[in-house]
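Peer 1: Okay, here's the structure, questions in a sec.
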Amino acid sequence: MTPGFMSSLPAILPELVLALGAILLLAWGMFHSPDARFSVRWGLVTGVLALGAMAYSASPVEESFAGVMAFDGLASAGRLLVLASLLASLLLSHPWLEKAGMQNAEFVSLLLLAGAGLMGVCAAVNWIALLVFLETASVAFAGILGMRRDESLSREAAVKYFILSAFASAFIIFGAAVLYAPVRGFGLAAPETWDSTAVAGTLFILAGLSFKCTLVPFHAWAPDTYEGGPTPLVAFIASASKVAGFTALARFFLAGGAGSFPGGGAAFWVLAVLSMLVGTVFALTQSNLKRLLAYSGISQAGYLVLAFLGASDTRLEAVLVYLAVYTAMTLGVFAVVSVLEDEGVTPEVGSLTGLARRRPVMAAALAVVMVSLTGLPPAAGFFAKFLAFREALSAGYLGLVLVAVLASVISAGIYLRLLVPAFMEQDGDDRRVAPVAPGAAAIFVGSAVFLLVTGIFPSLLVSLSNLFLIR
């Protein structure tokens, strides 16, 4: 190993900690059968150690491993959101693992490996490195999705995710190969001149990354994966996978300058409109909460794309703010879904009936999250959408912003209708199950508090994003 390689290792210490924790837990599982509590605690300790490793390497060199990885503010913000999502998903895993009778060590180990992969995606500035990290996460996700081999929905989710993920990676590989000559390498940078070859390669990459961001028409995997997958894993995919995908998208198209390619504005315009409208319209027809949240995530991704069309220097700020708010909203609502499943009911819209009477704190947290997803004040979702809309307006996309506003108005029928059975209907029974799992309670209460505080004081979000971006 060269001295340069050894000096770069501290920069990827968080990923190494997660990977080592996963390997050790798997090795322990070969000789013992750790229960859910031990496995989840191992994962949480590993995640906290990775967080400490991030703090230890908070000021690394801008580039490491000969320019393959970048550890700037964008990478740090993305990695921190992925790690927060990982810890939250592990907290949700304990009651689910105890009921499901899964291979506890394997589940947690694969979740840790997926976290390491997605954190690496956030820092990669080379297509080869990005694909290695991306496939690490994808294979781990497919492995967890397919663990319940006796359930058809689980098998379907695993097959669809694995096959479509492979196609998405193939698009990225082909696009990177096409751009190799114009860029003179595999770096995530724009070519000096835009010819038809460079434009074609960029479009292939945009298509591949759109899969991870669940942008229409690359969204078909999401509803079935969300419905068939374990809720703790789905919460992680819905939040962390999207964070990593949009971070890579921002690094290539915003920080790397590739967004200036001919027709780039039209391409992002189409992705935004299709995602907002398709996600909103299809969500209106869903009764299963997990499928509804899949289409909700698609529409939210469409709103976020508006920030990529901006003409100002605050585009990255808008992207980071939206990702932070979206992560909190997603984890909060999936914590509620997890509690419903712990009650032994199918997570349907009707299962929310009488929630305010049975669990008033959880119902209040759900209300905050739904208001934020709709984009209404005082929740932080309003400010996140405002920043994205402002970026699109700065570039003259008035029509697109009007479509986004219309989609937001329609989305009120999705999110606020969940509050009607929760607050205005009674379920007719007196079921009072065991207390809410502490992990789930911490997540939905923490998410609600975060959304309210940052919604009332939005300058906190701006300051946090600037703290990362000035690095």
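Peer 1: Quick one: length gained pulling V139 to V281 fully straight, 0.36 nm per residue minus the C-alpha distance? Kindly include the intermediate steps, with their values, before the conclusion.
Peer 2: Working: separation 142, 0.36 × 142 = 51.12 nm, distance 3.12 nm.
Full-extension gain reported as 48.0 nm.
Peer 1: Please work out how many pairs of lysine residues in the chain are eight or more positions apart (or on different chains) and have Cα atoms closer than 24 angstrom.
Peer 2: 10
Peer 1: What order do you get for 374-383, 329-338 when each peptide is scored by the mean count of other beta carbon atoms within 10 Å, highest first? Could you put the intermediate results ahead of the total?
Peer 2: Details: 374-383: 22.3, 329-338: 27.8.
Highest to lowest by the protection proxy: 329-338, 374-383.
Peer 1: Could you pull out the GluC sites (Glu not before Pro) across segment 154-253 that fall in loop regions by DSSP (anything but H, G, I, E, B) with no more than 16 other Cβ atoms inside 10 Å?
Peer 2: Here the GluC sites (Glu not before Pro) that fit, given the DSSP loop and packing criteria, are E192.
Peer 1: I'd like the FRET efficiency for V361 and L16, computed as 1/(1 + (r/R0)^6) with the beta carbon distance as r and R0 of 41 Å, rounded to 0.05. Let's see the in-between values first.
Peer 2: On the way: r = 39 Å, r/R0 = 0.94.
FRET efficiency, V361 to L16: 0.60.
Peer 1: P(r) for segment 112-189: what percent of alpha-carbon pairs falls in each 10 Å bin, starting at zero?
Peer 2: 20, 40, 27, 10, 2
Peer 1: Report the charge-dipole magnitude of the chain in Debye, nearest 20, computed about the Cα centre from +1 at each Lys and Arg Cβ and -1 at each Asp and Glu Cβ. Before the final figure, lay out each step's value.
Peer 2: Values: 24 positive and 26 negative charges, 67 e Å.
Result for the chain is approximately 320 debye, rounded to the nearest 20.
Peer 1: Short version: what are the Cα gyration tensor semi-axes of segment 263-471, square root of 5 times each eigenvalue, largest first, in whole Å? The partial results should precede the final answer.
Peer 2: Values: eigenvalues 204, 75, 31 Å².
Each semi-axis is √(5λ); the values are 32, 19, 12 Å.
Peer 1: Below 8 Å between Cα atoms, with a sequence gap of 6+, how large is the relative contact order for the chain in percent? The partial results should precede the final answer.
Peer 2: On the way: 793 pairs, mean separation 69.0, N = 471.
Averaging sequence separation for qualifying contacts and normalising by length gives 15 percent for the chain.
Peer 1: OK, next. For the residue pair D150 and V48, what label-to-label distance in nm results when each label sits 7 Å from Cα along the Cα-to-beta-carbon direction?
Peer 2: For D150 paired with V48, the spin-label model returns 3.5 nm.
Peer 1: Same structure again: Roughly what would the spin-label model give for A177 and R37, points 7 Å off Cα along C-beta, in nm?
Peer 2: Spacing of the two 7 Å Cα→Cβ label points: 5.3 nm.
Peer 1: So what are the three principal axis dimensions of segment 154-235 from its Cα atoms, in whole Å, longest to shortest?
Peer 2: Projected onto its principal axes, the Cα set of segment 154-235 covers 45, 19, 18 Å.
Peer 1: Follow-up. Working out 0.36 nm times the residue gap between N288 and D313, then minus their Cα-Cα distance, what length gain in nm do you get to one decimal?
Peer 2: Working: separation 25, 0.36 × 25 = 9.00 nm, distance 4.03 nm.
Stretched out fully, the N288 to D313 stretch lengthens by 5.0 nm.
Peer 1: What ratio of Cα Rg to 2.2 N^0.38 Å holds for the chain?
Peer 2: Details: Rg = 21.1 Å, N = 471, 2.2 N^0.38 = 22.8 Å.
With N residues counted in the chain, Rg over 2.2 N^0.38 Å equals 0.93.
Peer 1: Further, regarding this structure: Sum -39500 (n - 2.57) across every DSSP H segment of at least 4 residues in the chain, then divide by the residue count to get the 222 nm mean residue ellipticity, nearest 500. Intermediate results must be reported in sequence, preceding the final value.
Peer 2: Numbers: 20 runs with 342 residues, N = 471.
The helix contribution divided over the chain gives -24500 deg cm²/dmol.
Peer 1: Given a Förster distance of 41 angstrom, what is the FRET efficiency for N466 paired with A27, based on the Cβ-Cβ distance and rounded to 0.05? Walk me through the numbers on the way to the answer.
Peer 2: Numbers: r = 43 Å, r/R0 = 1.05.
According to the calculation, E is roughly 0.45.
Peer 1: If you find the alpha carbon centre of segment 137-168 and of segment 250-275, how far apart are they in angstrom?
Peer 2: 29
Peer 1: Okay, moving on. Along the positive direction of the dipole of segment 343-471 (beta-carbon charges: Lys, Arg +1; Asp, Glu -1; about the Cα centre), which of A392, V368, A379 reaches farthest?
Peer 2: A392
Peer 1: Say each of V345 and L9 gets a label point 7 Å from the Cα, pointing the same way as Cα to Cβ; how far apart are those two points in nm?
Peer 2: 5.3
Peer 1: Return the Cα extents of segment 239-330 along principal axes one, two and three, sorted largest first, each rounded to a whole Å.
Peer 2: 41, 26, 18
Peer 1: Between V453 and R184, what's the calculated FRET efficiency when r is the beta-carbon distance and R0 is 60 Å? Round to 0.05. Write down the numbers at each step before the final one.
Peer 2: Values: r = 47 Å, r/R0 = 0.78.
My answer for the efficiency is 0.80.
All of the numbers you see were taken from the coordinates with simple rules; none came from a lab. Computed from a predicted model, the values in this text were never measured in an experiment. When we count neighbours, we look across all protein chains shown, and the Cβ atoms used for this are built from the backbone with ideal geometry, even at glycine.
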